[in-house]
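Remarks on the structure that follows.
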Amino acid sequence: MDLNAIPLFAMLKGKMTHTAERQRVIAQNIANADVPDYAPRDLKPFSFDQQLKSVQSSQALAVSQTSPGHMAMPDSAPQASLDSVDAPDSEVRLDGNHVVLEEQMVKMNSAQSDYAAAVSYYEQSLSLLKMAATKPGG
Amino acid sequence: MTDPATSASAATSAIAASALKAQQARMRVIAENIANADSGAVTPGGDPYRRQTPLFSPTKVEGGGTGVAMTGVRPDQTPFHTEYNPGAPGADAKGMVKMPNVDPLTEMMDMREAQRAYQANLNVIENQRSMDNNTLGIIKK
């Protein structure tokens, strides 16, 4: 069973991928906090509406396989936008570095709690599936 | 196929680790400066120890992403100061000895900054680990 075929799971996976990638970009900013002229970057925010649309359109356009000879559709799980954009912090140092460690720490912690939230929601949804699959009273 | 989520997690740790290494190297340069703060000229007219400054530049790391590396040291070109010490082997006719251009206060500030940067990167690794643990938690259910 492909959990990604269930829109809810596909969206949660998109959110988790987005947050992990964001964490990587923030790690990059913190690592380069002492490099002259370095400008911090960040991902475009995760958009629920966009995800929802791409999940719905991938569902609407799916072709059903009626014979074993039919080829499967390419992986149509929605992909969150993982492009990074310049996101300068509030101060610029004399050496031209735009990274403010405190602001990056805040971003990192918000990425972490976003991730924890997505994971616990994933667990919740899994336990719902499990409940549906278990025999009543069993 | 590598999952983007796992490769991002590995890259995050690699980036933070590269920064830990770079800050460690910077600490070494600072230690050299402090250790040699009193290494004055040994021959009359000779030069004393010259302060070194670390050079940081962005570097690609394994797994994708930009880490950082200390790519070298540059000699600090600020002038040496002189000290009256006629007994020293490096003293000139007037009894003046050239002393290194190291200011202990600057070195202390630099050291504290390196320490903060090191802590910040350690935080990144810890954060990443807790995210990985969250993911592993799904399996336990």
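The values are calculated or read from the model by the stated rules, or taken from the named source; none is laboratory data. No experiment lies behind these values; they were computed from the predicted model shown. Reconstructed Cβ throughout: ideal geometry from the backbone, glycine too, with neighbour counts over all protein chains shown.
Annotations for the structure displayed:
- Considering the range A:11-49, and only residues there that are basic (K, R) and free of Cβ contacts under 8 Å to residues at least 60 places away in the same chain, the residue that is farthest from the other protein chains (Cβ to nearest Cβ) turns out to be A:K44.
- Residues that are more than 16 Å from B:L122 (Cα to Cα) and in contact with a Phe, Trp or Tyr (Cβ under 9 Å, 6 or more places away or on another chain) within the range A:16-37 comprise A:M16, A:H18, A:T19, A:A20, A:R22, A:V35, A:P36, listed in sequence order.
- All positions within the range A:84-138 that are in a loop (DSSP other than H, G, I, E, B) and of a type in the set (S, T, N, Q): A:S90, A:N97, A:T134
- Residue in the range A:61-76 that is modelled with pLDDT of 85 or more and either part of a loop (DSSP other than H, G, I, E, B) or surrounded by fewer than 17 Cβ atoms within 10 Å (Cβ to Cβ) (or both) present: no
Condition check ((1) touching a residue at least 40 places away in the same chain (Cβ under 8 Å); (2) in a loop (DSSP other than H, G, I, E, B)) across all residues:
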| position | (1), (2) |
| --- | --- |
| B:Q23 | yes, no |
| B:R28 | no, no |
| B:A31 | no, no |
| B:V42 | yes, yes |
| B:R50 | yes, yes |
| B:P58 | no, no |
| B:V68 | yes, no |
| B:T78 | no, yes |
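- Taken over the range B:26-48, the criterion of being out of contact with any helix residue (DSSP H, G or I) (no Cβ under 8 Å at 6 or more places or on another chain) and crowded, with 18+ Cβ neighbours inside 10 Å is satisfied by B:V29, B:G40, B:A41, B:P48.
- Screening the candidates A:S90, A:S125 for the property of being away from chain B (no Cβ under 11 Å) and polar (S, T, N, Q) yields one hit, A:S90.
- Residues that are of a type in the set (V, I, T), surrounded by 18 or more Cβ atoms within 10 Å (Cβ to Cβ) and either within 14 Å of another protein chain (Cβ to nearest Cβ) or part of a strand (DSSP E or B) (or both) within the range B:80-133 comprise B:V97, B:V124, listed in sequence order.
- Meets criteria (more than 16 Å from the chain's Cα centre (by Cα) and within 12 Å of chain A (Cβ to nearest Cβ)) for B:V61: yes
- Any hit, the range B:4-19, residues being of a type outside the set (G, A, S), outside any loop (DSSP other than H, G, I, E, B) and surrounded by fewer than 17 Cβ atoms within 10 Å (Cβ to Cβ): yes
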